[in-house]
Structures are given as C-alpha cells and as structure tokens.
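Presented below is the structure to which this report refers.
Rule-based calculations on the coordinates, nothing more; no lab input. Just so we're clear, the structure is a prediction, and the values are computed from it rather than from any experiment. FYI the Cβ positions are ideal-geometry reconstructions off the backbone, even for glycines, and counts take in every protein chain you see.
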Amino acid sequence: QEEIQEVKNEGNLEGLFSSLDKIVEEAKDREEPAWRPSGIPKQDICSTMVPYFLKHRSHLRRVLREKEEENRKVAESVLMGRDRIAELQQLIQARQQAWQ
C-alpha cells in the first residue's frame, strides 16, 4: 500500500486520474467513437497526422501566395522607382547641357 501511495504521489496520478474521469464524463454525450489505435504504428500516425499536415500545407500555400503577391507589388514598385530615377537623370543631364 505504501509503495502504491508513493507511486501515486510521485507521478501525480491523482490529478491524472481525475482529469481522465473528466474526459470520460465529457465523452459520454458524444455520438462519434473515440480514436483507438489499430496496432499498426504507421497507420495510426497517418490517420492522425495526415489531416493536420494537409491543413498546415494549405495554410502555408495561402501564406506563400500572399507573400508572392506582396513581392510582386514590391518588384513593380522598385522598377517604377528605377524608371523614375532614369527619367530624372536624363532630365538633369538635359538641363545641365542646356545650362552649359
């Protein structure tokens, strides 16, 4: 009994058991079955991780599209700035030649 009590105290098992009881109580109203491992690790990982990775991939693709659009706008702005600088340089040269 003492060893069992010591293990409970060291592992905080009372808190874990109470949280497990809470989960079981909350799950009573659910109609869908809880996830259960199939015994095949690869299949278990795929069944839980693939939906997460697909969602994450779609999020990353959306962020990538936004960044590409932002970069396109910045590139256009840089090109317009370069064109404006070239025009101003030509204007400066023209005025300098006219002044001389």
- Per principal axis, largest first, the Cα atoms of the chain extend in Å by 106, 32, 28
- Given charges at beta-carbon only (K, R positive; D, E negative), |dipole| of the chain in Debye: 1220
- Distance in nm between A98 and I40 label points, each 7 Å along Cα→Cβ, equals 8.2
- Item | Where labels lie 7 Å past Cα in the beta-carbon direction, separation of R62 and D21 in nm | 4.1
